[in-house]
2 protein chains.
Amino acid sequence: MEQTKIAKYKFLAEPFHCDYSNHLFMGHLGNHLLNAADFHSTERGFGMNYLMPRHKTWVLSRLVIEMDEMPSSYDDFYVETWVESAMRYFTSRNYAISAADGHMLGYGRSVWAMIDTQSRQPTDIFSIHDGAINNYIDKDYPCPIASPSRVKMGDEAVKVMELKTRYNDVDINGHINSVKYIEHVLDLFPVDWYKSHFLKRFEIAYVAEAHGGDVLTFYQEQTADGAYCIRITKRADDDATETEVARGKAVFIEK
Amino acid sequence: MEQTKIAKYKFLAEPFHCDYSNHLFMGHLGNHLLNAADFHSTERGFGMNYLMPRHKTWVLSRLVIEMDEMPSSYDDFYVETWVESAMRYFTSRNYAISAADGHMLGYGRSVWAMIDTQSRQPTDIFSIHDGAINNYIDKDYPCPIASPSRVKMGDEAVKVMELKTRYNDVDINGHINSVKYIEHVLDLFPVDWYKSHFLKRFEIAYVAEAHGGDVLTFYQEQTADGAYCIRITKRADDDATETEVARGKAVFIEK
């Protein structure tokens, strides 16, 4: 079947995936974007299911989501996704999130690498089906949000949480689940904070892989009004040596 | 539209909802059962969406899930749900979980109360649409697993984890999400434990409500080979007084 460049998927804001303000949690929205990416790439011949037996996989490198509004519980909503560009080792994939009545709720951008699952080294994206991904690039479809930024942090960052990763943090690959990082970062802010603040933009860069049992340490620095940068390190339970695994930024606006 | 007593819903074992063994997490399965219950009751006129404006809601009192097999990532699976019995203040709802090819994966049982959201007191289930729920009771559809048991714990229980609840733990009602308790209990067991053990049966009784910011303490006691009972208490962050909020039991078999 001939596939379009852009795919559109319907999701439901499940009631138990909504926060106390009755809106979808950002972590669950992130999960839906990752699902949309997975469905889109699978339907076009370069998805995880095709790659895994060939010892290759997609690795999420950066994700940014910027919302005007979050779906409420029981809302249907739509995620469009498409590939904006592809290079040998990285591809940019965008998302447009809309309500059932068609109005836009927000957008997302992501950067993915393809790696060899045995060597853990980057592998050539164009080697898959003779560069099939190039047939699906749409450079022009609008995604009016800023690209993931390089999250700059100074020496001001304060250690705010330490967390031992557990069974539910670990994904199919044995690594800490990308979505769990989003949840852990947003858990740094008190429940009451969300009563008066709307999470306008969230971005995260995945630097290295952590594994179940690793201890994550979260360092936070306020960089502007409502803007917080977070650095996450891992260490073994019995070792004080920390290695950076991710860097995120949350930008809130007052409700 | 005339509704059947039993409803059947299709779900997908999403890849990011699977553990490192490539099988659906029990917490996510629990979430799907709660969704099925919600869809079934909504379609028959006694769901949350009908109750909420009338200051009533369903409260999950007990849940037990017993599995022969867990769906693998990308598997479609089905959840059938029906009301086995209804009394004035409690109703029993069952679940049958099957694979796409029709073979049974497992079953679930649950007990729900209906409460007044203002007084937080039990309210008469039969007051909704002149006892509409009675039109949908199926006593005979098979659910061949034991009912939720009274989890008996002695003085042997050992404190194994303390956890401050955070933003992502809190549901629409401002309480700790029922599914999060399941995840936190299963996180008591090391990641490696799940490499050699299959979670055969999980049950939980919800005793009292906890709120975001409460500190949960987990006490664990092994009661038989592979069987672990867990008592969860809550306390305010600045107060040592503990109140029991839930009691669970996990039964593992060796793989």
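The values are calculated or read from the model by the stated rules, or taken from the named source; none is laboratory data. Here the structure is a predicted model, which is why all the values come from computation and not from measurement. Because the Cβ atoms are built from the backbone with ideal geometry, glycine has one as well, and the counts that use them run over all protein chains shown. The area values use the complete protein model at the heavy-atom level, side chains included, leaving out ligands, DNA and RNA. Shrake-Rupley method; radii C 1.70, N 1.55, O 1.52, S 1.80 Å.
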Margin query: Checking A:GLU84 against (1) of a type outside the set (Gly, Ala, Ser); (2) out of contact with any strand residue (DSSP E or B) (no Cβ under 7 Å at 6 or more places or on another chain); (3) away from chain B (no Cβ under 14 Å), only one condition comes out false. Which one?
Written below: (2)
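Suppose we filter segment B:174-189 for residues that are more than 7 Å from chain A (Cβ to nearest Cβ) and either farther than 22 Å from B:GLN220 by Cβ or of a type outside the set (Ser, Thr, Tyr) (or both); how many remain?
Here is the first cut: in segment B:174-189, the residues more than 7 Å from chain A (Cβ to nearest Cβ) are B:175-176, B:178, B:180-182, B:184-185, B:188.
If we keep only those that are either farther than 22 Å from B:GLN220 by Cβ or of a type outside the set (Ser, Thr, Tyr) (or both) as well, we get B:175-176, B:180, B:182, B:184-185, B:188.
Number satisfying all stated conditions: 7.
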Next item on the list: Read through the list (1) under 29 Å from B:LEU24 (Cβ atoms); (2) open to solvent by 20 Å² or more (accessible area, probe 1.4 Å), then give the number of the only condition that B:ALA113 fails.
Entry: (2)
Next item on the list: From (1) at pLDDT below 95; (2) closer than 21 Å to A:LEU29 by Cα, pick out the condition that doesn't hold for A:PRO71.
Entry: (1)
Notebook entry, point to check: Can you name every residue in segment B:125-143 that is modelled with pLDDT of 95 or more and either in contact with a Leu (Cβ under 8 Å, 6 or more places away or on another chain) or assigned to a loop (DSSP other than H, G, I, E, B) (or both)?
Noted result: B:ASP138, B:LYS139, B:ASP140, B:TYR141, B:PRO142, B:CYS143
Notebook entry, point to check: Among A:LYS152, A:LYS164, A:LYS159, which is closer than 18 Å to B:PHE189 by Cα and either of a type in the set (Lys, Arg) or away from chain B (no Cβ under 14 Å) (or both)?
Noted result: A:LYS164
Check: Restricting attention to segment B:68-99, which residues are over 23 Å from B:ASN135 (Cα atoms) and not in a strand (DSSP E or B)?
Finding: B:ASP68, B:GLU69, B:MET70, B:PRO71, B:SER73, B:TYR74, B:ASP75
Notebook entry, point to check: Got at least one residue in segment B:45-59 being in the same structural domain as B:GLY102 (by TED's automatic domain parsing) and over 18 Å from B:SER127 (Cα atoms)?
Noted result: no
Next item on the list: Scan segment A:150-182 residue by residue and report those that are open to solvent by less than 20 Å² (accessible area, probe 1.4 Å) and assigned to a helix (DSSP H, G or I).
Entry: A:TYR167, A:ASN168, A:ASP169, A:VAL179, A:TYR181, A:ILE182
Notebook entry, point to check: Taking A:THR241, is it part of a loop (DSSP other than H, G, I, E, B) and free of Cβ contacts under 8 Å to residues at least 40 places away in the same chain?
Noted result: yes
Check: In segment A:30-49, which residue that is touching a residue at least 12 places away in the same chain (Cβ under 8 Å) and surrounded by fewer than 16 Cβ atoms within 10 Å (Cβ to Cβ) is farthest from the other protein chains (Cβ to nearest Cβ)?
Finding: A:GLY45
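How many of the residues making up segment B:50-65 are assigned to a helix (DSSP H, G or I), open to solvent by 20 Å² or more (accessible area, probe 1.4 Å) and within 13 Å of chain A (Cβ to nearest Cβ)?
As a first pass, look at segment B:50-65 and keep what is assigned to a helix (DSSP H, G or I): B:50-54.
With the extra rule that they be open to solvent by 20 Å² or more (accessible area, probe 1.4 Å), the set shrinks to B:50, B:52-54.
This time we only want the ones that are within 13 Å of chain A (Cβ to nearest Cβ), so: B:50, B:52.
Of the residues in segment B:50-65, 2 are assigned to a helix (DSSP H, G or I), open to solvent by 20 Å² or more (accessible area, probe 1.4 Å) and within 13 Å of chain A (Cβ to nearest Cβ).
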Notebook entry, point to check: Are there any pairs, at least 6 apart or on different chains, whose C-beta atoms fall under 7 Å, with the first in segment A:133-160 and without any contact (Cβ under 8 Å) to a residue 40 or more places away in the chain and the second surrounded by 12 or more Cβ atoms within 10 Å (Cβ to Cβ) and among the aromatic types (Phe, Trp, Tyr), and if so, which?
Noted result: A:PRO144/A:TYR107
Notebook entry, point to check: With (1) farther than 30 Å from A:VAL59 by Cα; (2) surrounded by 18 or more Cβ atoms within 10 Å (Cβ to Cβ) as the list, and B:ASP68 as the residue in question, which single condition is left unmet?
Noted result: (2)
Next item on the list: Would you be able to say whether some residue in segment A:13-20 is within 18 Å of the chain's Cα centre (by Cα) and farther than 22 Å from A:LYS180 by Cβ?
Entry: no
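Out of the residues in segment B:190-218 meeting the condition of being facing chain A (nearest Cβ under 9 Å), touching an Asp or Glu at 6+ places or on another chain (Cβ under 9 Å) and not in a helix (DSSP H, G or I), tell me which one is nearest to A:HIS175 (Cα to Cα). Can you show your working first?
Pass one, segment B:190-218, residues facing chain A (nearest Cβ under 9 Å): B:190-194, B:211-213.
Narrowing further to those that are touching an Asp or Glu at 6+ places or on another chain (Cβ under 9 Å): B:191, B:194, B:212-213.
Next, only the ones that are not in a helix (DSSP H, G or I) stay: B:191, B:212-213.
Details: B:VAL191: 11, B:GLY212: 28, B:GLY213: 28 Å.
Across segment B:190-218, the extreme among qualifying residues is B:VAL191.
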Margin query: Please go through (1) open to solvent by 40 Å² or more (accessible area, probe 1.4 Å); (2) of a type in the set (Ser, Thr, Tyr); (3) away from chain A (no Cβ under 13 Å) for B:TYR20 and return the number of the only condition it doesn't satisfy.
Written below: (3)
Note to self: Being on the phi < 0 side of the Ramachandran plot, open to solvent by 40 Å² or more (accessible area, probe 1.4 Å) and either among the β-branched types (Val, Ile, Thr) or not assigned by TED's automatic domain parsing to the domain that holds B:ALA227 (or both) is the requirement here; does B:PHE90 meet it?
What the structure shows: yes
